[in-house]
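Q: Can you keep this structure in mind? I'll have questions shortly.
The values are calculated or read from the model by the stated rules, or taken from the named source; none is laboratory data. What you are looking at is a predicted structure, and each value in this text was computed from that prediction instead of being measured. Cβ atoms come from the backbone with ideal geometry, glycine included; neighbour counts cover every protein chain shown. Keep in mind that these areas ignore ligands, DNA and RNA; they rest on the heavy atoms of the full protein, side chains included. Shrake-Rupley method; radii C 1.70, N 1.55, O 1.52, S 1.80 Å.
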Amino acid sequence: AVVAVKGFERGKYRLAGVLTEAQQHLLISTMFNGVLDALRATPGIASINVLSDDLAVLPKDVEQIVDPGTGLSAAIANAARVLSNEGAHSMLFLPADLPFITADDIGALLVAAKDHDAVIAPDARHFGTNALLLTPPQLIEPQFGEQSFTAHVQAIRCSAAKSLHILERPALAHDIDVPADLHALSGGFRKCYQFVDTVLRKAS
């Protein structure tokens, strides 16, 4: 598994109008740790790797794959090369901003991968890619950016992949990018997100 995180001092700049810098850092770290916890609780994950250039974000039980700083697609392609060289059979990529993800969601991705060379989970609008599981890791060149879901589907269909599975799950579909996304974290969703309730009440 590979999780991409820019570091707690960066990222989520589109939330700057709602969250303070400290709250942005807290949100990123809370979501990131939630993704790691879900991976730790999932049988079948051989290793957890964090794609980042910030050593401060790394827990002791994960491996770092250095982000070369040339964009997300290039960074994930580099991670795929690293893992392939280490003998990995498959690679699961997840972003760090999936607050609802559970071990069951990751397990569903792994189950689908038993019968398909590529498994992809889109965001709620079918614009972005919120999970990508490739067998082998270098099956395609990553296509992250605008309309990455469509780009990945096209790349997979043009690759040597024998089959593709599109996995639709609410927890995988909901990431946090813009202020409107924060409302899903309110109402006592989890105690670790209570600060979001406070922020939204002040903004209303």
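Q: Can you report the number of residues in segment 154-168 which are open to solvent by 30 Å² or more (accessible area, probe 1.4 Å) and within 16 Å of Phe93 (Cβ to Cβ)? Let's see the steps before the verdict.
A: Residues of segment 154-168 open to solvent by 30 Å² or more (accessible area, probe 1.4 Å): 154, 157-160, 162-166, 168.
Filter once more, so that each one left must be within 16 Å of Phe93 (Cβ to Cβ): 159, 164-166.
Within segment 154-168, residues that are open to solvent by 30 Å² or more (accessible area, probe 1.4 Å) and within 16 Å of Phe93 (Cβ to Cβ) number 4.
Q: Among all residue pairs at least 6 apart or on different chains, which show Cβ distances below 9 Å where the first residue, located in segment 17-41, is open to solvent by 50 Å² or more (accessible area, probe 1.4 Å) and the second is among the acidic types (Asp, Glu) and at pLDDT below 95?
A: Glu21/Glu9; Arg40/Asp61
Q: Considering only segment 74-124, state which residues are among the polar types (S, T, N, Q) and over 20 Å from Asp175 (Cβ atoms). Quick ask: steps written out before the conclusion?
A: Just the residues of segment 74-124 that are among the polar types (S, T, N, Q), to begin with: 78, 84-85, 90, 102.
Asn78, Ser84, Asn85, Ser90 - these are the residues of segment 74-124 that are among the polar types (S, T, N, Q) and over 20 Å from Asp175 (Cβ atoms).
Q: Another question, then. Return only the number of the condition from (1) in a helix (DSSP H, G or I); (2) touching a helix residue (DSSP H, G or I) at 6+ places or on another chain (Cβ under 7 Å) that Asn130 does not satisfy.
A: (1)
Q: Report yes if Asp37 is among the acidic types (Asp, Glu) and at pLDDT below 90, otherwise no. Write out each step before concluding.
A: Numbers: among the acidic types (Asp, Glu): yes; at pLDDT below 90: no.
No: the conditions fail for Asp37.
Q: Which condition breaks for Ile176 when tested against (1) among the β-branched types (Val, Ile, Thr); (2) outside any helix (DSSP H, G or I); (3) modelled with pLDDT of 95 or more?
A: Here Ile176 clears every test but (3).
Q: Starting from segment 42-62, keep only residues that are farther than 21 Å from Arg81 by Cα, then list their pairs with residues that are open to solvent by less than 20 Å² (accessible area, probe 1.4 Å) and part of a loop (DSSP other than H, G, I, E, B) whose Cβ atoms are within a distance under 6 Å, requiring at least 6 positions of separation or different chains.
A: Val57/Val5; Val57/Gly7
Q: Here is a check on your reading of the model: is Ala96 open to solvent by 20 Å² or more (accessible area, probe 1.4 Å) and in contact (Cβ under 8 Å) with a residue 24 or more places away in the chain?
A: Numbers: open to solvent by 20 Å² or more (accessible area, probe 1.4 Å): no; in contact (Cβ under 8 Å) with a residue 24 or more places away in the chain: yes.
The answer is no for Ala96.
Q: Going by the conditions given, is Gln138 assigned to a helix (DSSP H, G or I) and among the polar types (S, T, N, Q)? Spell out the reasoning first.
A: Values: assigned to a helix (DSSP H, G or I): no; among the polar types (S, T, N, Q): yes.
The answer is no for Gln138.
Residue-wise test of (1) open to solvent by less than 10 Å² (accessible area, probe 1.4 Å); (2) within 14 Å of the chain's Cα centre (by Cα); (3) at positive phi.
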site: Gly71; (1), (2), (3): no, no, yes
site: Asn78; (1), (2), (3): no, no, no
site: Met91; (1), (2), (3): yes, yes, no
site: Ile106; (1), (2), (3): yes, yes, no
site: Asp115; (1), (2), (3): no, no, no
site: Leu133; (1), (2), (3): yes, yes, no
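Q: Then there is this: Would you please list the contacts, defined by Cβ atoms under 6 Å and residues six or more apart or on different chains, that run from a residue in segment 138-158 that is closer than 16 Å to Ala124 by Cβ and of a type in the set (Ser, Thr, Tyr) to a residue that is open to solvent by less than 60 Å² (accessible area, probe 1.4 Å) and in a loop (DSSP other than H, G, I, E, B)?
A: Ser148/Gly128
Q: Scan segment 181-193 residue by residue and report those that are at pLDDT 80 or above and either under 12 Å from Leu27 (Cβ atoms) or not in a helix (DSSP H, G or I) (or both). Full working, then the answer.
A: From segment 181-193, those at pLDDT 80 or above are 181-186, 190-193; that's our starting set.
Listed by number, the residues that qualify are Asp181, Leu182, Leu185, Ser186, Arg190, Cys192, Tyr193.
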